[in-house]
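The values are calculated or read from the model by the stated rules, or taken from the named source; none is laboratory data. The shown structure was predicted, so the numbers you read here are calculated from the model rather than taken from an experiment. Neighbour counts run over all protein chains shown; Cβ positions are idealised from the backbone, glycine included.
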Amino acid sequence: MTEKKYLVGVDCGTTSTRTAIFDYQGNMIAYGQVMNPLTYPGVGRVIADGDAMIETCYESTRIALAKAQIDPTEIAGISFDMFRCTMITRDASGGFTHPIIIWQDLRSAEMLPQMVEQLAAAGMTPDELYDICGMPLGGVFPSGKLQWVMKNAPEAYANATRIHTMMGFLTKAYGADDYYDDYNDTPWLQLNDESFSYSQKLCDAFGVDIDKLAPLRKSGEIIGQVTPEVAAKTGLAVGTPLVMGTGDQQSGCLGCGCVDQGIGYACGGTAGITAGKSAQLLRDPLRKCYVLGTPDGAYVMEGQANSAGSAFKWFKGEFCDVEDLTAKYLGLEVYDFLTTSAQKSAPGSNGIFFLPYLQGANTPNYDANARGTFIGMTFAHTRNDLVRAAMEGICFDIRDMLDAMVEGNVPEYSTVRLTGGISRSQFWCQMQADIYNRPCETVACEEATALGCAMVAAVGVGVYSDFSEAARNMVQVTKRYEPNPAVVGRYEDAYQTWRKVFRALTGEAFDGVVNFQEKYR
């Protein structure tokens, strides 16, 4: 019998899908990445073709296996993580009854008034909805996307025999016999109770047929095997165990070693995500931070920013052509060039503030009409100030979420583990420690979400007995950043000013901007 040596994680992110192969010590052996087939049909609209998306996943796995040059029978198991906050409708033959509405799509916001009315008709308020399912109403959640499909494409809902998340998309694509979703992420559809099982009460309130919802399985549970058809398309071995995974950020928490209470998580990727774990059931008294499950059966409270690293990418693409050309000429990465220029400014960017709300504001400042904003500019300011303000604004938004979770009863963090694109810069990591006023750490594997998948697979197939053992063997902390006392006070003042800027603009100002954009788009 072939000795098992490796674990595979399929990390279905927003902009790309990545398959990574790891050994049992968490070392990445090979990696395949393919950009997802996203299209942008209008302002606030982001969709993907489902069939093309499946091929993207398969291609990423083929690339990883080709690079690894290993015997695929040496793979002990494969697991998955997915971008969350997305729902999919499928017909009896497996066809997609509607294009996949990606989480960043804002059409959910259009349905919020109707959802409030539906709750009222069922004798409930949005606060009571949160108390049941752990999720507030929001402008990007898949519950609203489902309502949008039911209203605007009723045939897509009527023809659907399965409604599932991206997890169900992956499990079925790789060989499971149904569109199995994980218990941990049911709150996105806002049709669950405190146990994460589907709630007939909420399904009735929102007019959803509970029998159409995907069957649920627990993270780490073996849910099938790679089929001959999938093996031919991916290069995986027939019979490789498929292990139920979890959402991308829960997986990222695992890959950063956030297994115990008190280790916070801050991801500055395409989106900004924060997370804090508790062994006890969590509910935010202010009902701003949402609650999901963890692979080990605990609870995680999270905050979500619709744009984080993507806001800096936008800034770079639209305003930094000169820096891009200069960096290429000097043989540097443009992001390294920009973060170096930011160091020529001062903490607080000499009074320029950036709101990174290019796709609306989410936790804890729910405002779908919020827009990206620079404020405070004078003739005395420089491009360096603008670059630093963009970086700091993303961090202020993440700080807002971290603080909101502690206010929501998450145990205080002894440290915060950093991941995502913004954690690749040591300067940006130190900035985060200073702004959060908490020690921060980075880990060796930049592909933390894919590593988390591999850890779920490792526990599922018995390589490790639990996630604590998996973390001890597979996660390595590389650097620790202590808050700098010389700038913490200045950053506290800057953060409080940043919050005042948002409060002054939310409502009439942002609403007026959006009304103008809608009128003349």
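A quick yes/no check of all residues on (1) surrounded by fewer than 23 Cβ atoms within 10 Å (Cβ to Cβ); (2) at pLDDT 95 or above; (3) among the basic types (Lys, Arg):
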site: 397; (1), (2), (3): no, yes, no
site: 429; (1), (2), (3): yes, yes, no
site: 435; (1), (2), (3): no, yes, no
site: 448; (1), (2), (3): no, no, no
site: 460; (1), (2), (3): no, yes, no
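For region 35-44, name all the residues that are over 18 Å from the mean Cα position of the chain (by Cα) and assigned to a strand (DSSP E or B).
39, 40, 41, 42
I'm trying to understand the selection: among the residues of region 211-227, which are in a loop (DSSP other than H, G, I, E, B), in contact with a Lys or Arg (Cβ under 9 Å, 6 or more places away or on another chain) and either β-branched (Val, Ile, Thr) or more than 18 Å from residue 164 (Cβ to Cβ) (or both)?
None - no residue of region 211-227 is in a loop (DSSP other than H, G, I, E, B), in contact with a Lys or Arg (Cβ under 9 Å, 6 or more places away or on another chain) and either β-branched (Val, Ile, Thr) or more than 18 Å from residue 164 (Cβ to Cβ) (or both), so the list stays empty.
Would you please name the residue that is surrounded by the fewest Cβ atoms within 10 Å (Cβ to Cβ), looking only at residues in region 284-330 that are of a type in the set (Ser, Thr, Tyr) and either touching a His at 6+ places or on another chain (Cβ under 8 Å) or assigned to a helix (DSSP H, G or I) (or both)?
Here is the first cut: in region 284-330, the residues of a type in the set (Ser, Thr, Tyr) are 290, 294, 299, 307, 310, 326, 329.
Within this subset, residues satisfying the condition of being either touching a His at 6+ places or on another chain (Cβ under 8 Å) or assigned to a helix (DSSP H, G or I) (or both) are 310, 326, 329.
Working: 310: 23, 326: 14, 329: 8.
For region 284-330, the residue satisfying everything is 329.
May I ask you to list the residues in region 78-101 that are assigned to a strand (DSSP E or B) and touching a Gly at 6+ places or on another chain (Cβ under 6 Å)? Spell out the reasoning first.
Within region 78-101, the subset assigned to a strand (DSSP E or B) is 78-82, 88-90, 96, 100-101.
Once the filter is applied, which keeps residues that are assigned to a strand (DSSP E or B) and touching a Gly at 6+ places or on another chain (Cβ under 6 Å), region 78-101 yields 79, 80, 81, 96, 100.
Restricting attention to region 237-284, which residues are at pLDDT 95 or above, among the hydrophobic types (A, V, I, L, M, F, W, C) and over 19 Å from the mean Cα position of the chain (by Cα)?
Of everything in region 237-284, those that are at pLDDT 95 or above, among the hydrophobic types (A, V, I, L, M, F, W, C) and over 19 Å from the mean Cα position of the chain (by Cα) turn out to be 237, 238, 242, 243.
Give region 162-182 a look and list any residue that's of a type in the set (Ser, Thr, Tyr) and either more than 30 Å from residue 235 (Cα to Cα) or buried (at least 23 other Cβ atoms within 10 Å of the Cβ) (or both), or say none. Full working, then the answer.
Looking only at region 162-182, we keep the residues that are of a type in the set (Ser, Thr, Tyr), and these are 165, 171, 174, 179-180.
Those that are of a type in the set (Ser, Thr, Tyr) and either more than 30 Å from residue 235 (Cα to Cα) or buried (at least 23 other Cβ atoms within 10 Å of the Cβ) (or both): 165, 171, 174, 179.
Can you give me the number of residues within region 373-410 that are touching a Gly at 6+ places or on another chain (Cβ under 6 Å), over 18 Å from residue 503 (Cβ atoms) and assigned to a loop (DSSP other than H, G, I, E, B)?
1
Name every residue in region 414-438 that is under 20 Å from residue 254 (Cα atoms), among the small types (Gly, Ala, Ser) and assigned to a helix (DSSP H, G or I), in order of residue number.
Listed by number, the residues that qualify are 421, 423.
Among the residues of region 331-362 satisfying the criterion of being without any contact (Cβ under 8 Å) to a residue 60 or more places away in the chain and in a strand (DSSP E or B), which is nearest to the chain's Cα centre (by Cα)?
358
Taking the residues in region 130-179 that are among the hydroxyl-bearing types (Ser, Thr, Tyr) and under 25 Å from the mean Cα position of the chain (by Cα) as candidates, determine which candidate is farthest from residue 288 (Cα to Cα). Step through it out loud before you land on a result.
Within region 130-179, the first condition is being among the hydroxyl-bearing types (Ser, Thr, Tyr), and the residues that meet it are 130, 143, 157, 161, 165, 171, 174, 179.
Filter once more, so that each one left must be under 25 Å from the mean Cα position of the chain (by Cα): 130, 143, 165, 171, 174, 179.
Values: 130: 9, 143: 17, 165: 23, 171: 31, 174: 36, 179: 30 Å.
The extreme case among them is 174.
Just give me the residues in region 234-270 being more than 26 Å from residue 67 (Cβ to Cβ) and acidic (Asp, Glu), in sequence order.
If the condition is that a residue be more than 26 Å from residue 67 (Cβ to Cβ) and acidic (Asp, Glu), then 260 is the only one that fits.
Pull up region 37-52, narrow it to residues that are in contact with a Phe, Trp or Tyr (Cβ under 9 Å, 6 or more places away or on another chain) and surrounded by 15 or more Cβ atoms within 10 Å (Cβ to Cβ), then point me to the one that is nearest to residue 452 (Cα to Cα).
First pass over region 37-52, keeping only residues in contact with a Phe, Trp or Tyr (Cβ under 9 Å, 6 or more places away or on another chain): 46-47, 49-51.
Checking the rest, the ones that are also surrounded by 15 or more Cβ atoms within 10 Å (Cβ to Cβ) come to 46-47, 49-50.
Details: 46: 27, 47: 26, 49: 27, 50: 25 Å.
Residue satisfying both the conditions and the ranking: 50.
Report yes if residue 93 is farther than 22 Å from residue 10 by Cα and modelled with pLDDT of 95 or more, otherwise no.
Values: farther than 22 Å from residue 10 by Cα: yes; modelled with pLDDT of 95 or more: yes.
The answer is yes for residue 93.
Inside region 439-470, can you point out the residues that are over 17 Å from residue 78 (Cα atoms) and not in a loop (DSSP other than H, G, I, E, B)?
The answer is 440, 441, 442, 443, 468, 469.
Based on what the data block shows, is residue 55 out of contact with any His (no Cβ under 7 Å at 6 or more places or on another chain), more than 30 Å from residue 160 (Cα to Cα), surrounded by fewer than 18 Cβ atoms within 10 Å (Cβ to Cβ) and of a type outside the set (Val, Ile, Thr)? Quick ask: steps written out before the conclusion?
Working: out of contact with any His (no Cβ under 7 Å at 6 or more places or on another chain): yes; more than 30 Å from residue 160 (Cα to Cα): no; surrounded by fewer than 18 Cβ atoms within 10 Å (Cβ to Cβ): yes; of a type outside the set (Val, Ile, Thr): yes.
Judged against the criteria, residue 55 is not a match.
Spot the failing condition for residue 337; the list is (1) buried (at least 22 other Cβ atoms within 10 Å of the Cβ); (2) under 26 Å from residue 392 (Cβ atoms); (3) in contact with a helix residue (DSSP H, G or I) (Cβ under 6 Å, 6 or more places away or on another chain), and only one is missed.
Result: residue 337 passes all but (1).
I need every pair where a residue in region 115-142 that is under 15 Å from residue 192 (Cβ atoms) has its Cβ under 6 Å from the Cβ of a residue that is β-branched (Val, Ile, Thr) and crowded, with 17+ Cβ neighbours inside 10 Å, sequence separation at least 6 or different chains.
134/291; 142/86
Cβ-Cβ under 8 Å, sequence separation 6+ or interchain: first residue in region 316-330 and farther than 17 Å from residue 385 by Cα, partner assigned to a helix (DSSP H, G or I). Which pairs?
324/316; 324/334; 326/337; 327/334; 327/336; 327/337; 328/334; 330/337
Give me the residue from region 195-210 that is assigned to a helix (DSSP H, G or I), without any contact (Cβ under 8 Å) to a residue 24 or more places away in the chain and within 19 Å of residue 117 (Cα to Cα) and, out of that set, farthest from the chain's Cα centre (by Cα).
Restricting attention to region 195-210, the residues satisfying the condition of being assigned to a helix (DSSP H, G or I) are 200-206, 210.
Subsequent filtering for residues that are without any contact (Cβ under 8 Å) to a residue 24 or more places away in the chain retains 200, 203, 210.
Keeping just the survivors that are within 19 Å of residue 117 (Cα to Cα) gives 200, 203.
On the way: 200: 28, 203: 25 Å.
Across region 195-210, the extreme among qualifying residues is 200.
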